[in-house]
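The values are calculated or read from the model by the stated rules, or taken from the named source; none is laboratory data. All values derive from a computational prediction rather than experimental measurement. Virtual Cβ from ideal backbone geometry, glycine too; neighbours counted across all protein chains shown.
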Protein chains: 2
Amino acid sequence: MANIIGLMAARNAMAGVDLRQEGVDAMPQPLRFYASDQVHTCHHKAMNLLGLGKKSLCKIPSDDAFRMDMGALKAQIRADCDQGIKPACVIATAGTTNTGSIDDLSAIADLCAAEGLWMHIDGCIGALIVLAPRHRHLVTGIARADSLALDLHKGLQAPFDVGCTLVRDRRQHRITFAEDAEYLQKMSRGIAAAEFLHDYSLDTTRGFRALKIWMMIKEHGAQKFGRLIDQGIAQAQYLTGLIADQPLLDQMAPTVIDIVCFRFNPGGRDEAALRELNTEIMLRMQETGVAAVSDTTVKGRHCLRVAICNHRTRRMDLDLLVQEVLRIGSDLLATPIAAESGGR
Amino acid sequence: MANIIGLMAARNAMAGVDLRQEGVDAMPQPLRFYASDQVHTCHHKAMNLLGLGKKSLCKIPSDDAFRMDMGALKAQIRADCDQGIKPACVIATAGTTNTGSIDDLSAIADLCAAEGLWMHIDGCIGALIVLAPRHRHLVTGIARADSLALDLHKGLQAPFDVGCTLVRDRRQHRITFAEDAEYLQKMSRGIAAAEFLHDYSLDTTRGFRALKIWMMIKEHGAQKFGRLIDQGIAQAQYLTGLIADQPLLDQMAPTVIDIVCFRFNPGGRDEAALRELNTEIMLRMQETGVAAVSDTTVKGRHCLRVAICNHRTRRMDLDLLVQEVLRIGSDLLATPIAAESGGR
């Protein structure tokens, strides 16, 4: 939802028509949004929701570090202009789901400023790295966004859900969402004597989710959360070191933040066999309760995915994780997976 | 949000094109949605969000009982067909915000079946009247909806927010929302061994709001909530009787469910003066804590609005409410409102 709020503001600001009233089919030119091929699928869903269709979201290839290729982005923008398509918005990701990679926010901000595009940052995973003294340089440029989505249930370790959206232009934010209702008239006195929050979002009624965040920050202070983010990234780097020491484990993507992608690879197996093997390792770790490891596929290669987002994680947990991957992997080599047990 | 889920399913089902991929501007014909002039503004916001624009929502006049005029609806559908606009969906309201009126759900269901339209019911206020033995006849036909939005934080008195949407066609529901993500692969084992709820909605992450509802129903049973809804409606009828006994109070709309619209009217004042007078009465009741009465405007006439949605309400509270309206109203007649104190 946090991304939807920002993208709807972007769509309406860039439409070239009163989109609230007239709709997408009244736009003088089709709009194009850009994101890397690592973008979260909630942005596909947003394109569907917003009536733009997934055709309006152009996936820009990512480089070896899983960051949006800026040359490819610029070329696509030029090509779209030539085709009569209006470049509208670049969705930069600060912390991809797959690998934690962070797009070059400053370069994207420069490009958006030069081309007159809306810059939306999906910072659901990584925006709060701004709080972390040892790693905040990773998100340099984040403050230049026109809209920014962040998940306080991730970076701030709050109970979910508590997504959040910041939109730079308050007027644009409000005219995207505000409706006048005869039964909701603003007053200067009485119980409705404040700005209506629903004028800035989709829900008319919503719970007071901000309370838990306010109390967490009052109790602990923002600095502590910054230190915990640094701690998680340091633990991811520690895990990366453990993986490097093990010849049967392959690191599958650079470790940038608190996400680590790797796999068990005894050699001599094709991608399908490695996927089957690592999926079974993941499931057994989940089923035995050793670790809630997930999986993903990066550049066509399946891998295990560790996201260290709980401040109670200790290095010994990561030692155990590596031991168990090796132990289960070795067991599976000795006793191949029965055909009927596959998880997919 | 509950209405948005249903309307998005309706839009995609009726688009005549793969709207997920191609967007609103690829539709062969513009779509039209219909609702009464009493419809909640969240539906305006939904039309904006969905890229259809508010032009796609046709407001059908309501009759003296604030129900959608079926003759006007049929005429509008015919006129739209003649104009090359595709009638897509009728939004029936089961419990309008202004007055609690309930559209003729059976007649609308018949019309939608005959014309091949999607029937969405906004039952956020009134859907749960199906639980109330003495009044469930008011929502006859509700089970024929293609999609139904209800707010369990209203009818079930649960802490907000906990909206809910039912969509009849499970396949249509799923293909409206489901996206495939490499990092969210469904498994038959492990911690992801279940259907993903985000395949049926907009949020990827969401809190377990259903838990409180499940516990409430386990603790109290659905029958008790039905009795409480009957109780609220009976209290609204009691309040309506009190108003009828007071020559200085005018009932402003028929009392159908647990919503009562009335105003203080000492006679000899125009609409603007009555609005000013009743707004001040409302604000003083809010400020003194006597009652959280709101206001609205129906058929151009301002009124106070009482929604009895708390099971702790007693008849003596309603006696006090009427006494205080009369007392504050009389005070204001004796001491006119200072110019600077107006609430707007």
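For the stretch B:59-68, check the following and say yes or no: at least one residue is under 18 Å from residue B:146 (Cβ atoms), within 13 Å of chain A (Cβ to nearest Cβ) and in contact (Cβ under 8 Å) with a residue 24 or more places away in the chain.
No, because not a single residue in the stretch B:59-68 is under 18 Å from residue B:146 (Cβ atoms), within 13 Å of chain A (Cβ to nearest Cβ) and in contact (Cβ under 8 Å) with a residue 24 or more places away in the chain.
Could you list all residues from the stretch B:161-176 that are over 15 Å from residue A:205 (Cβ atoms) and crowded, with 20+ Cβ neighbours inside 10 Å?
B:167, B:173, B:176
What about residue A:88, is it surrounded by 20 or more Cβ atoms within 10 Å (Cβ to Cβ), more than 30 Å from residue A:221 (Cβ to Cβ) and either outside the structural domain of residue A:229 (by TED's automatic domain parsing) or at pLDDT below 95 (or both)?
yes
Looking at the stretch A:69-90, which of its residues are more than 30 Å from residue A:293 (Cβ to Cβ) and free of Cβ contacts under 8 Å to residues at least 40 places away in the same chain?
Within the stretch A:69-90, A:71, A:72, A:73, A:74, A:75, A:78, A:79, A:81, A:82, A:83 meet the criteria.
Is it fair to say residue A:219 is away from chain B (no Cβ under 11 Å) and surrounded by fewer than 17 Cβ atoms within 10 Å (Cβ to Cβ)?
Yes; evaluated as a whole, the condition is true for this residue.
Within the stretch A:226-244, can one find any residue that is in contact with a helix residue (DSSP H, G or I) (Cβ under 7 Å, 6 or more places away or on another chain), of a type in the set (A, V, I, L, M), at pLDDT 95 or above and part of a loop (DSSP other than H, G, I, E, B)?
No, there is no match, as no residue in the stretch A:226-244 is in contact with a helix residue (DSSP H, G or I) (Cβ under 7 Å, 6 or more places away or on another chain), of a type in the set (A, V, I, L, M), at pLDDT 95 or above and part of a loop (DSSP other than H, G, I, E, B).
What tally of residues in the stretch A:237-255 results from selecting those that are of a type outside the set (S, T, N, Q) and touching a Leu at 6+ places or on another chain (Cβ under 7 Å)?
Total meeting the criteria: 5.
Within the group B:45, B:55, B:59, B:74, which residue is among the basic types (Lys, Arg) and assigned to a strand (DSSP E or B)?
B:59 is the lone residue from the list that is among the basic types (Lys, Arg) and assigned to a strand (DSSP E or B).
Somewhere in the stretch B:263-282, is a residue under 26 Å from the mean Cα position of the chain (by Cα), within 14 Å of chain A (Cβ to nearest Cβ), assigned to a loop (DSSP other than H, G, I, E, B) and surrounded by 17 or more Cβ atoms within 10 Å (Cβ to Cβ)?
no
How many residues does the stretch B:308-331 contain that are small (Gly, Ala, Ser) and surrounded by fewer than 20 Cβ atoms within 10 Å (Cβ to Cβ)?
1
Looking at A:13, A:9 in this structure, which one is at pLDDT 95 or above, within 20 Å of the chain's Cα centre (by Cα), among the hydrophobic types (A, V, I, L, M, F, W, C) and in a helix (DSSP H, G or I)?
Within the list A:13, A:9, the selection yields A:9.
Do you know which residues across the stretch B:218-239 are under 16 Å from residue B:306 (Cβ atoms) and over 21 Å from the mean Cα position of the chain (by Cα)?
Listed by number, the residues that qualify are B:238, B:239.
For residue A:82, state whether it is of a type in the set (Asp, Glu) and under 22 Å from residue A:4 (Cα atoms).
Taking the combined requirement at face value, the residue does not satisfy it.
Pairs only if they're at least six apart or on different chains, beta carbon under 7 angstrom, first in the stretch A:283-309 and more than 10 Å from every other protein chain (Cβ to nearest Cβ), second assigned to a loop (DSSP other than H, G, I, E, B) and of a type in the set (Val, Ile, Thr); list them, first residue then second.
A:304/A:293; A:306/A:293
Just to be sure before I move on: is residue B:175 farther than 30 Å from residue A:293 by Cα and in a helix (DSSP H, G or I) in the structure I sent?
It is false that residue B:175 is farther than 30 Å from residue A:293 by Cα and in a helix (DSSP H, G or I).
Pairs only if they're at least six apart or on different chains, beta carbon under 9 angstrom, first in the stretch B:146-170 and among the β-branched types (Val, Ile, Thr), second in a strand (DSSP E or B) and surrounded by 21 or more Cβ atoms within 10 Å (Cβ to Cβ); list them, first residue then second.
Short answer, once both residue conditions are applied: B:162/B:151; B:165/B:147; B:165/B:148; B:165/B:149; B:165/B:150; B:167/B:147; B:167/B:148.
With A:234, A:253 as the choices, which residue is small (Gly, Ala, Ser) and in contact with a strand residue (DSSP E or B) (Cβ under 9 Å, 6 or more places away or on another chain)?
Going through A:234, A:253 in turn, the sole match is A:253.
Taking into account only those residues within the stretch A:1-53 that are without any contact (Cβ under 8 Å) to a residue 12 or more places away in the chain and among the β-branched types (Val, Ile, Thr), which is nearest to residue A:198 (Cα to Cα)?
A:17
Looking only at the stretch B:195-204, count how many residues are touching a residue at least 12 places away in the same chain (Cβ under 8 Å) and more than 7 Å from chain A (Cβ to nearest Cβ).
5
Could you tell me whether residue B:322 is touching a Leu at 6+ places or on another chain (Cβ under 9 Å), at pLDDT 95 or above, within 19 Å of residue B:253 (Cα to Cα) and away from every other protein chain (no Cβ under 11 Å)?
Against the criterion (touching a Leu at 6+ places or on another chain (Cβ under 9 Å), at pLDDT 95 or above, within 19 Å of residue B:253 (Cα to Cα) and away from every other protein chain (no Cβ under 11 Å)), residue B:322 qualifies.
Of all residues in the stretch A:27-78 being small (Gly, Ala, Ser) and at positive phi, which is surrounded by the fewest Cβ atoms within 10 Å (Cβ to Cβ)?
Filtering the stretch A:27-78 for residues that are small (Gly, Ala, Ser) and at positive phi, the one surrounded by the fewest Cβ atoms within 10 Å (Cβ to Cβ) comes out as A:53.
Only one of these conditions is not met by residue A:307: (1) more than 27 Å from the chain's Cα centre (by Cα); (2) small (Gly, Ala, Ser); (3) at pLDDT 95 or above. Which number is it?
Evaluating residue A:307 over (1) more than 27 Å from the chain's Cα centre (by Cα); (2) small (Gly, Ala, Ser); (3) at pLDDT 95 or above leaves (1) as the failure.
How many residues are more than 10 Å from chain B (Cβ to nearest Cβ) and under 24 Å from residue B:38 (Cα atoms) when one looks only at the stretch A:163-194?
Residues that pass the stated criteria total 2.
Just need a number here: residues in the stretch A:92-119 that are farther than 15 Å from residue A:149 by Cα and hydrophobic (A, V, I, L, M, F, W, C).
Residues that pass the stated criteria total 8.
With respect to the numbered conditions (1) within 16 Å of residue B:164 (Cα to Cα); (2) β-branched (Val, Ile, Thr); (3) in contact (Cβ under 8 Å) with a residue 60 or more places away in the chain, which one is the sole condition not fulfilled by residue B:93?
Residue B:93 satisfies all of (1) within 16 Å of residue B:164 (Cα to Cα); (2) β-branched (Val, Ile, Thr); (3) in contact (Cβ under 8 Å) with a residue 60 or more places away in the chain except (3).
List the number of the failed condition for residue B:198; all other conditions in (1) in contact with a Ser or Thr (Cβ under 7 Å, 6 or more places away or on another chain); (2) at pLDDT 95 or above hold.
Going through (1) in contact with a Ser or Thr (Cβ under 7 Å, 6 or more places away or on another chain); (2) at pLDDT 95 or above one by one, residue B:198 breaks only (2).
Any chance you could count how many residues in the stretch A:1-21 are touching a helix residue (DSSP H, G or I) at 6+ places or on another chain (Cβ under 6 Å), over 22 Å from residue B:205 (Cβ atoms) and not β-branched (Val, Ile, Thr)?
Adding up the residues that qualify gives 5.
Among the strands (runs of 3 or more DSSP E) lying completely within the stretch B:79-166, list those that include at least 1 residues that are acidic (Asp, Glu).
Result: B:118-122, B:147-151.
Filter the stretch B:286-306 down to the residues that are crowded, with 20+ Cβ neighbours inside 10 Å and not polar (S, T, N, Q) and list them by number.
Passing the criteria: B:293, B:295, B:298, B:302, B:303, B:304, B:305, B:306.
Residue A:12 is checked against (1) surrounded by fewer than 24 Cβ atoms within 10 Å (Cβ to Cβ); (2) over 15 Å from residue A:176 (Cβ atoms) and fails just one. What number does that condition carry?
It is condition (2) that residue A:12 fails.
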